[in-house]
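Only one structure is covered here, and it is reproduced in the block below.
Only the coordinates and a few stated rules stand behind these numbers; no lab work does. Keep in mind it's a predicted model, so treat the numbers as computed, not measured. Note that we place each Cβ from the backbone using ideal geometry, even for glycine, and neighbour counts take in every protein chain shown.
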């Protein structure tokens, strides 16, 4: 505490004391304000958690209450029967998982060529990718649906995955990261006679692990959370992902509050856990994109 | 070298051309035809665009989109800046607050919007009940009230993204050298003057980037609107993307929906060009 104001003149004890207590008071106010803001932001999530464990009678009482009076696991049991929930879960894992893995692979290959290799046409390809970054993807929805429908891929998970096997933002993001890497390692390997494929696999990819992790979470959460694309691609619950499936179910059974909240909670959990585990590098990744 | 480079590019280029570039051009072609899934495409010239500009449903969606964007963008940016400044100081519990503000950005808007629509429900909704206590009463509930439905989905839009832009501002704040603030303090500048003359100008890069990103994202609003209001009541929350969805995938008017999507494309592209031009000019000036 006494270190808080090292410049205070010895002897002016009362003044120093007052300075410290004002500062302490300020920090208490700041902490309280911060926690109130944080809890307010989390209100829908907190309410979701409490409601998922409340019996239906407690949910519909008036006036509504936040904290549960009774505790039940019934909604978590029912959700697997009333909705093809296991199926939705599997579809979502397959969709988000496959898109993440394939896209990381293809994005990094393209980014390697654009950042580390000299060739004719490089600028044109890069400008093309920048232009794609500026265009809203919604414009592709109708023709894409039409195309996949004509080859029988609508209502299937592969049909959802295929158009997303690469991503213009992913290529751009990794290119920026690769550009900043030093040349020395690569040059040494080239002198030793290593081919480009080996350099990409054994030198560049291992160094790029933090960037790949950040981009991986971007891809995973974007596709896990996406609503519009899976909604268009699935005409029934069996082929939908979690967001599309829950939205479709809500459209038909709006009053099953507890069940919907239990399902929603289970659907949000993987992304939240994934995020909390690699939060630090994820936030750092956003920060660097923002500065460039 | 050239051959190897193109081999590295091939998978991405094939996917981008087949599933992004080609569909965009195809949408342009379809917008000039009368096409639904059942009947083959018939060339109609600019009839869809003529119909579009005379269609009250289009102008309604356009107006809602503009109101949404003009309302949500500045509120999100200013809130993100205020929160970043608040979180840039040391205090107990800062990590929790930062995570709590950022969390809405990583959860599915389509899913969390289910919780929001229950919170705003006139019968069981906790937020509805609290709003009633402070005198803001809407009998049918905010989401069924033609005056309140759009502000309600806009509020959820701000709530969802503010943490993302806050992180960008935080990165900007942390890159400002401490001695600049110190120098201003020694010159007798108070907190507000330091903010106006030191912090804000040094954050202008972030402000520009964040504003354009927030604007472009808000022009594409869909998820929470689909879940909370489905475009209603009386189309009061129907945005351009909602209209594309309704015309394309509910009415199966593929030609007409493609025309609307091309209008959106041109709108967003022009804004992006403006952004690009602005950044180029700034780079010269500095």
>> If you average the alpha carbon positions of region B:92-151 and of region B:190-213, how far apart do those two centres end up, in angstrom?
In response: 30
> To the nearest 500 deg cm²/dmol, what mean residue ellipticity at 222 nm is calculated for chain B from DSSP H runs of n ≥ 4 alone, each contributing -39,500 (n - 2.57), summed and divided by the residues?
Replying inline: -21500 deg cm²/dmol
> For residue A:80 and residue B:131, what does the FRET efficiency come to when R0 = 45 Å and r is the distance between their Cβ atoms, rounded to the nearest 0.05?
Replying inline: 0.80
> Once you treat every alpha carbon in the protein assembly as shown as an equal point and sum by Debye, what is log10 I(q)/I(0) at q = 0.11 Å⁻¹?
Replying inline: -1.15
> How many nm is it between the label spots at residue A:255 and residue B:90, if each spot is 7 Å from the Cα in line with the beta carbon?
Replying inline: 5.7
>> With 10 angstrom as the radius, rank A:156, A:22 by how many other C-beta atoms surround their C-beta, starting from the fewest.
In response: A:22, A:156
> Going by alpha carbons, how many degrees (0 to 90, nearest 10) lie between the helix axis of B:109-119 and the longest principal axis of chain B?
Replying inline: 80
> Okay, helix-only estimate at 222 nm for chain A: each DSSP H run of n ≥ 4 adds -39500 (n - 2.57), divide by all residues, round to 500 deg cm²/dmol; what do you get?
Replying inline: -23000 deg cm²/dmol
> Among B:156, B:14, B:70, which one shows the biggest mean-square fluctuation in a GNM of chain B, springs joining Cα atoms closer than 10 Å?
Replying inline: B:14
> Fewest to most neighbouring Cβ within 10 Å: what's the order for B:147, B:230, A:253, A:219?
Replying inline: B:147, A:253, B:230, A:219
> Going by alpha carbons, how many degrees (0 to 90, nearest 10) lie between the helix axis of B:204-218 and the longest principal axis of chain B?
Replying inline: 30
>> Counting C-alpha atoms alone, how compact is region A:75-288: give Rg to one decimal and Dmax as a whole number, in angstrom.
In response: 20.2, 69
> Using a Förster distance of 56 Å, how high is the FRET efficiency between residue B:78 and residue A:205, based on the Cβ-Cβ distance and rounded to 0.05?
Replying inline: 0.85
>> Please report the spacing between the Cα centers of region A:154-210 and region B:31-74 in Å, no decimals.
In response: 40
>> Starting from 0.36 nm per residue, how many nanometres of slack lie between residue B:1 and residue B:234 once their C-alpha separation is accounted for?
In response: 77.9 nm
>> I need B:244, A:203 ordered by Cβ neighbour count within 10 Å, fewest first.
In response: A:203, B:244
> What residue among A:100, A:61, A:24 has the largest mean-square fluctuation in a Gaussian network model of chain A, using Cα springs under 10 Å?
Replying inline: A:24
> Taking square-rooted eigenvalues a ≥ b ≥ c of the alpha carbon gyration tensor, is chain B rounded, prolate or oblate, where a/c under 1.5 means rounded and, failing that, a/b exceeding b/c means prolate?
Replying inline: oblate
> Roughly how large, in nm² to one decimal, is the mean projection of the convex hull of the alpha-carbon atoms in region A:75-143?
Replying inline: 7.7
>> Using only the alpha-carbon atoms, how far is helix B:56-87 inclined from the longest principal axis of chain B? Give it as 0 to 90 degrees, nearest 10.
In response: 20
